[in-house]
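Structure first, then comments.
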Amino acid sequence: DNVSSWDPAFKHWLSFDEKVWEEEVKEAMSLLKPFPAKSIVANDRYKGSIAMAYEDAYRAGVSDYIQFFNEDARDFFPAKAVDMVVVNPPWDVRLGGARESWQDLRHFLKEKCRGNVVAWALSGNIEASRELRMKSESNIYLSYGGMELRFLKYNIVPQKKHVEG
């Protein structure tokens, strides 16, 4: 199975105990629940990113439950209604185009997500995230690799249609 073939770095530590690891994996496997009926869709405009996501999902044993797409956010339209969006747009650190990516995300959330949607966005560039032009409901502050990050939560509600009368 995928778990036994997984080779995380900590397995090579001097203090690693194979027997404890196997017991913990066995216990975790006993706690598994059926996968929810909701569909999971993954999309990224970078082929390498979506390939890594697929490999990670495969190793975790969930790749059969996820549809993977390689499209730009401006062109991507989910076939089914979306309940939650989790995104990691560029911050202008490794990948450029942060402002444009956040603008595309704004368009996607407002134009292509139907119904009440919760969106979580990881940001390492607060100026770029302001391109979303939405107020976050909550901020979770993280530090990763010397970078100060924010995990921002947004509630996307359907836009009210103006009725003249």
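The values are calculated or read from the model by the stated rules, or taken from the named source; none is laboratory data. No experiment lies behind these values; they were computed from the predicted model shown. Using ideal geometry, Cβ is built from the backbone for each residue, glycine included, and neighbour counts are taken over all protein chains shown. Remember, those area values only see protein heavy atoms, side chains included, never the ligands or the DNA or RNA. Shrake-Rupley method; radii C 1.70, N 1.55, O 1.52, S 1.80 Å.
Couple of notes before you dig in:
- Across the chain, the relative contact order, built from alpha-carbon pairs under 8 Å that are at least six residues apart, equals 17 percent.
- Rounded to the nearest 10 Å², the accessible area of Tyr58 at probe 1.4 Å: 110 Å²
- Ranked from largest, the principal axis spans of the Cα set of the chain equal 71, 38, 30 Å.
- Maximal additional length on extending the Glu71-Leu32 stretch stands at 10.8 nm, based on 0.36 nm per residue less the C-alpha distance.
- Cut-off 13 Å between beta-carbons: net charge of the residues surrounding Ala73, Lys and Arg +1, Asp and Glu -1: -3
- Where both bridge residues fall in segment 58-150, DSSP classifies roughly 55% of the beta bridges as antiparallel.
- Gained length - Phe16 relative to Arg59, 0.36 nm times residue gap less alpha-carbon distance: 13.4 nm
- Here the extension length gained between Ile40 and Leu142 equals 34.2 nm, from 0.36 nm per residue of separation less the Cα-Cα distance.
- Tensor-based shape of segment 47-120 (alpha-carbon gyration tensor, a/c under 1.5 rounded, otherwise prolate or oblate): oblate
- Counting only DSSP beta bridges whose two residues both lie in the chain, roughly 65 percent are antiparallel.
- Kirkwood estimate for segment 93-144, i.e. one over the average of 1/r between Cα atoms, Å: 12.1 Å
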